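**Q** Here it is: the structure, laid out below.
The values are calculated or read from the model by the stated rules, or taken from the named source; none is laboratory data. Owing to the predicted nature of the structure, the values given are computational and were not obtained by experimental measurement. Backbone-built Cβ (ideal geometry, glycine too); neighbour counts: all protein chains shown. For the accessible areas, the whole protein counts, side chains as well, though only heavy atoms, and no ligand, DNA or RNA atoms are used. Shrake-Rupley method; radii C 1.70, N 1.55, O 1.52, S 1.80 Å.
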Amino acid sequence: MARSIVPLVPKGGDFRVVSDSEIGYTQLREGPVVLIGAFDNVWTMRITQDLPFGFEYDSQVRRLVDRKSPEKRFWTLQWQVPYTKLAKDYAIIARIHDRVTGQPVIIIAGILGEGTEAASEVVFKPAYLDEMLKKAPKNWDQLNLEAVIETNVIEGHAGPPTVLAVETWR
């Protein structure tokens, strides 16, 4: 997973990949970091709460939401009848300069593990990364970038990822 972030790392940049249970705010301020996973990673949840796309949950549903759309578009897990097999999962890939920590942050996070797996495949495989970056402006590497990824889940494994949306901003 750590190798999968290389295409998103700014030139000459170093990143640390650590478990959220091992890192505190002071350590996040020490340098760039990669956050993996969503609902089981408190730092991902905290940092994505102000991004265009983010995670929300209530007692019954975990979802990925588009906070910038007027109708608050969202993506939720889809189940196959008879509700025993997951059919789709969704994820976020983000490369941002976080205002809270003052550091660059890369996020690879799915609603569930299959979404996280699909998101890592996007940044690891050039064809999928190119598909994502075609939806971004040419100067994407100078901007904050966030993408929504969809994957079909087949027998408990992520299928080929699809890039649904990309947002960039300063």
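**Q** Peptides 24-36, 112-124: what's the order by average Cβ count within 10 Å, highest mean first?
**A** Packing proxy ranking, top to bottom: 112-124, 24-36.
**Q** Okay, moving on. Roll a 1.4 Å probe over the protein chains and send me the accessible area per residue for the chain in Å².
**A** Accessible area per residue, the chain: 54 Å².
**Q** Using a cut-off of 24 Å between alpha-carbon atoms, which lysines can reach Lys138, once sequence neighbours fewer than 8 places away in the same chain are excluded?
**A** Partners within reach: Lys11, Lys68, Lys125.
**Q** Work out how far the C-alpha atoms of region 79-170 reach from end to end along every principal axis, then list the three figures in whole Å, largest first.
**A** Principal-axis extents of region 79-170 (Cα, largest first): 45, 29, 18 Å.
**Q** Under the definition of Cα pairs under 8 Å and six or more residues apart, what whole-number percent is the relative contact order of the chain?
**A** Over the chain, the number comes to 21 percent.
**Q** Could I have the simple spin-label model distance between Ser59 and His97, label points 7 Å from Cα toward Cβ, reported in nm to one decimal?
**A** In this crude spin-label approximation the distance works out to 4.4 nm.
**Q** Put one equal scatterer on each alpha carbon of region 84-138, apply the Debye formula with no solvent term, and list log10 I(q)/I(0) at q = 0.28 1/Å to two decimals.
**A** Scattering profile of region 84-138, log10 relative to I(0): -1.09.
**Q** Which entry in (1) 15.3, 50; (2) 18.3, 60; (3) 15.6, 54 matches Rg and Dmax of the Cα atoms in Å derived from the coordinates of this structure?
**A** Calculated Rg and Dmax of the Cα atoms in Å: the matching label is (1).
**Q** Can you send over the carbon and sulfur percentage of the accessible area for the chain, probe radius 1.4 Å, protein chains only?
**A** It is 51 percent, rounded to a whole number.
**Q** If you don't mind, there's one more thing I want to ask. If you take the square roots of the eigenvalues of the alpha-carbon gyration tensor of region 39-132 and sort them as a ≥ b ≥ c, do you get rounded (a/c under 1.5), prolate (a/b over b/c) or oblate?
**A** oblate
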